[in-house]
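Quick note: the coordinates plus some simple rules give every number you see, no bench work behind them. This is a predicted model, so every value here is computed, not measured. Ideal geometry is used to build each Cβ from the backbone, glycine not excepted, and the neighbour counts take in all protein chains shown.
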Amino acid sequence: MAVLSVSDVGISFGGLRAVDGISFGVEPREIFAIIGPNGAGKTTLFNVISRIYEPSTGSIVFDGRDITRIPPHDVVRAGIARTFQNINLFDNATVLDNLMLGRYRHHRSGVLRQTLFTPFVRREKLADRRKVEEVIDFLELGKYRDVLVAGLPYGVRKIVELGRALAAEPRLILLDEPSSGLNVEETRDMVFWIQDMRDDLDMTVIMIEHDMSLVSAVSDRVLAMSSGRMLALGTPGEVQRDPGVAAAYLGG
Amino acid sequence: MKFYKKTSYTEDFRLFRDGAAAFWYALLGLALVAAPFVLPAYYLSQLVLIGIYVVAGAGLMLLSGYCGQVSLGHAAFFAVGAFTVAVLEKHGVPFLAAFAAAGALSAAVGFVIGLPALRLSGLYLAIATLAASFIVTEVIVRWEGVTNGASGLNVAKIRIAGWIADSEPKLYAIVLAVAVAAMLAVRNIVRAPLGLAMMAIRDSETAAQSMGVPLMRVKLAAFAISALLTGLAGALYAHKLQFIDPDQFTILVSIEFLVMIFIGGIGSMHGIVLGAAFVIALPQLVAVAKDYLPAAVAQQSGLQAAVYAAVLLAFILAEPTGLYGIWRKIKHYFSMFPFYRKGSLRRAKSFAKSETW
C-alpha cells in the first residue's frame with residue numbers, strides 16, 4: 001500500500017505545461033529519487049505536493065487522505081515536511097529558533113494562553129525543546145545552537161533546514177537537492193542521514209537530486225523527468241540504462 | 001566579560017536572562033514607583049506620555065518589528081481607542097468597562113484593516129493601512145452625533161469605583177500599570193510559539209507556511225493584538241489630554257509611532273521604551289535648540305518634522321539597529337575592554353534584508 005500516490009498530476013503556467021500527467025506511488029520507508037535535467041519540472045512537482053501550487057489536473061493522496069485541495073499550512077500537519085532548493089530559513093533567528101519553528105504543527109495553545117505564558121505553554125515549549133535537542137544530536141548541530149542563521153556557511157544552513165523539517169516529525173520528507181552546494185565530506189554525511197531517517201526515524205523520503213552517485217547509493221527507486229513528463233521509473237540501474245533518459249541528458 | 005553557561009532549557013525563554021538582569025529590572029521598577037515622589041510635576045507628566053507611547057509602541061513593535069507588517073495606520077487605532085473611551089464615559093459607562101471596550105473595538109478595527117494584509121506586503125501594505133486610517137478619521141469627523149465631529153470631546157478624569165485619578169501621580173500609576181502589562185504581554189507572545197511564527201512570517205512566508213504556520217490567522221492575530229494595545233494607549237491618551245479632537249490623530253502620529261520603534265531598535269523589546277522616550281523628548285530638545293538657532297531657521301513651522309526626518313535618516317544610514325543597538329555596543333565595549341573591535345558586534349540588519357521593508 002503506497003503511502004503517497006500521485007495520479008495524473010499536471011500544472012500549467014499560461015501556455016507552459018510545467019508538469020504533465022505524472023503518476024507514481026511511494027511505498028512506506030522507501031527512498032524515492034526524482035532526477036531530470038534543469039527545467040524538467042521536479043521542483044514544480046514538489047511545490048504541487050506541498051500545496052504551494054494548485055495542480056490543474058490530477059490528485060494527490062497521502063496516507064489514505066486526499067490532500068490535493070488542503071491549505072498549504074495543513075500539509076505539514078498531515079505529516080509531510082520539506083526543504084527548499086535555495087535554502088529558505090528564517091535568517092534573523094538562531095538555529096535553535098529555526099528548529100523550534102519546525103515544531104509549530106504540534107502546538108495546541110491559543111493566543112490568550114500564549115499571551116499569559118501559562119504553565120501549559122511552558123510545558124509545550126519544554127517538550128518541543130527536548131525533541132529539537134534530539135534533532136540537534138542527530139545532525140550534530142550542537143555548536144551552532146545559538147548562532148544566527150544569517151552568519152552560517154552554506155553547508156551548515158543546508159543541514160539546519162533539514163533539521164527544521166525533521167523537527168516537525170513528518171512521516172514523509174521531501175528533500176529538494178539535499179547535496180547541492182555540499183562538499184564531498186558533507187555529501188557523505190547526507191547519505192548516512194538519509195539512510196538513518198528511514199531506518200531509525202521510520203520516514204519515507206522523496207528527494208530531487210542531481211548527484212547520481214548519491215542517488216544510486218541510497219535510493220530504492222528513481223523517477224526520471226524531462227519537460228514536465230515522466231521518462232522512466234524503476235531502480236537506479238534500470239533508469240540509468242534507459243535510452244530515453246540518456247537522450248534527455250545528452251541530447252539525441 | 002560574562003560567560004553564560006546554561007544548565008536548563010527554561011533559560012532560553014525565561015523572562016529575565018539571569019539574576020543580575022532581574023536585579024536591574026527590579027531596581028528600575030523601584031525607580032519608576034518612586035518617580036512621583038521625587039520628580040517635579042512637569043517631568044512626571046512627560047513620564048506619563050512616555051508610558052502611553054510605550055503601550056502604543058508595544059503594539060506596533062509586535063506587528064512591524066516582529067511580524068514584519070508595516071503599518072502607517074496606527075493613528076487610527078489610537079483615535080478609535082480615545083474616542084471610544086470618551087464617548088462611552090460621556091454616557092456614564094464606568095472607566096474600566098469603557099477602557100476594555102476601547103481595546104476591543106480597536107482590535108476589531110485592526111482585524112478589518114488587517115484583512116488586506118493577507119494579500120499585500122511592504123509598501124503596498126503601508127499604503128493600504130494609511131488609506132484605512134484616513135477612512136477611520138473621516139468617520140470620526142462625520143459621525144457628529146456620537147463623536148461631536150471636528151469640535152472634539154471633553155474627557156473626564158479616570159474614575160474607578162469612587163476613586164478618582166484627579167492628580168498626575170494617580171494617572172501615572174494607572175499608565176505605569178498598563179505599560180508594564182503591555183510589555184509583559186508582548187514579551188510573552190514573543191517567547192511563545194506565536195511570536196516565533198510571526199518572526200518566521202517576517203523572514204520567509206513560504207517557509208513559515210510550509211512549516212505549518214497559518215499565514216492568515218497569525219497575521220490577523222498580530223494586527224488585532226497590535227491594534228488592541230494601540231487602542232488602549234489612545235484611551236489613556238484621551239484621559240491625559242482631557243480633550244480630544246480628530247486633528248490630534250493625523251498621519252503624523254502614525255509616522256511618529258513608526259519612527260519611535262525604528263529609532264528605538266526594530267525587533268527589540270528595549271527599543272519600544274527607548275523609542276518612546278526619544279519621541280517624547282525630541283520636541284523638548286527642539287524647543288530648547290530653537291533659542292540657539294538663527295531666527296530664520298527657528299521660526300520655520302516644519303522644524304520639528306525636519307529634525308525627525310534627519311534623525312531617522314541618520315539612524316538608517318549609521319545605526320539601523322537603533323538606540324538599542326547603540327546601548328548594546330556601549331555595553332559590549334566596556335565588558336570587552338580593552339579588546340573591543342569595530343566588527344565584533346555585527347548584527348544582521350533584519351529590516352534591510354527582509355523584503356517587507
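Before moving on, here are some points about what is shown:
- Peptide ranges B:322-330, B:92-100, B:28-36, B:203-211 listed from the most packed, as the mean C-beta count within 10 angstrom indicates: B:203-211, B:322-330, B:92-100, B:28-36
- Residue B:298 paired with residue B:31, simple spin-label distance in nm, labels 7 Å along Cα-to-beta-carbon: 3.2
- Only helices enter the 222 nm calculation for chain A: every DSSP H run of n ≥ 4 contributes -39,500 (n - 2.57), and dividing by all residues gives -11000 deg cm²/dmol, rounded to 500.
- Potential lengthening between residue A:202 and residue A:61 on full extension [0.36 nm per residue; Cα-Cα distance subtracted]: 48.8 nm
- Helix-only arithmetic for chain B: the sum of -39500 (n - 2.57) across DSSP H runs with n ≥ 4, divided by the residue total, places the mean residue ellipticity at 222 nm at -22500 deg cm²/dmol.
- Residues B:124, A:144, ranked from the fewest to the most other C-beta atoms within 10 Å, line up as B:124, A:144.
- With a cut-off of 19 Å on the backbone N, the residues of the range A:85-101 near the modelled label site 7 Å out from residue B:217 along Cα-Cβ are A:100-101.
- Each label point was placed 7 Å from the Cα along the Cα-to-Cβ direction; for residue B:309 and residue A:130 their separation is 5.9 nm.
- Exposure proxy ranking, count of Cβ atoms within 10 Å, fewest first, for B:261, B:225, B:135: B:135, B:225, B:261
- Amide H partners (placed H, <5 Å) of residue B:120, local residues excluded: none
- Shape category assigned to the protein assembly as shown from the gyration tensor of Cα positions, a/c cut at 1.5: prolate
- Entries of B:219/B:331; B:90/B:170; A:158/B:5 with Cα pairs more than 31 Å apart: B:219/B:331
- Two tests apply to each whole DSSP H helix in chain B, Cα reach of 18 Å or more along its axis and mean Kyte-Doolittle hydropathy of at least 0.5, and the ones passing both are B:19-38, B:41-60, B:74-90, B:95-114, B:122-142, B:168-191, B:215-241, B:251-265, B:269-290, B:303-318.
- Ordered by the count of other Cβ atoms within 10 Å of each Cβ, fewest first, B:134, B:83 give B:134, B:83.
- Mean partner shielding of peptide B:216-223, defined as the number of other chain Cβ atoms within 10 Å of each residue Cβ, is 1.
- In the range B:39-250, taking the dipole from charged Cβ atoms about the Cα centre, the farthest positive-side position among B:128, B:154, B:177 is held by B:177.
- Length gained on full extension, residue B:38 to residue B:331: 102.7 nm, using 0.36 nm per residue less the C-alpha separation.
- Distance in nm between pseudo-label sites at residue B:104 and residue B:291 (7 Å out along the Cβ direction from Cα): 5.0
- Charging the Cβ of each Asp and Glu at -1 and of each Lys and Arg at +1, and nothing else, the dipole of chain B about its Cα centre rounds to 1320 debye.
- For residue B:161 and residue B:22, a Förster radius of 41 Å and the Cβ-Cβ distance give a FRET efficiency of 0.75, rounded to the nearest 0.05.
- Cross-link partners for residue B:240 among the aspartates and glutamates, with Cα-Cα distance under 16 Å and sequence neighbours closer than 8 places in the same chain left out: B:89, B:166, B:168.
- Remark: mean inter-chain Cβ contacts per residue of A:81-93 equal 5, using a 10 Å Cβ-Cβ cutoff to other protein chain atoms.
- In this calculation the C-beta distance from residue B:97 to residue B:242 is compared with R0 = 25 Å, giving a FRET efficiency of 0.80.
- The GluC sites (Glu not before Pro) found in the range A:84-174 that occupy coil by DSSP, while having at most 15 further C-beta atoms within 10 Å, are A:140.
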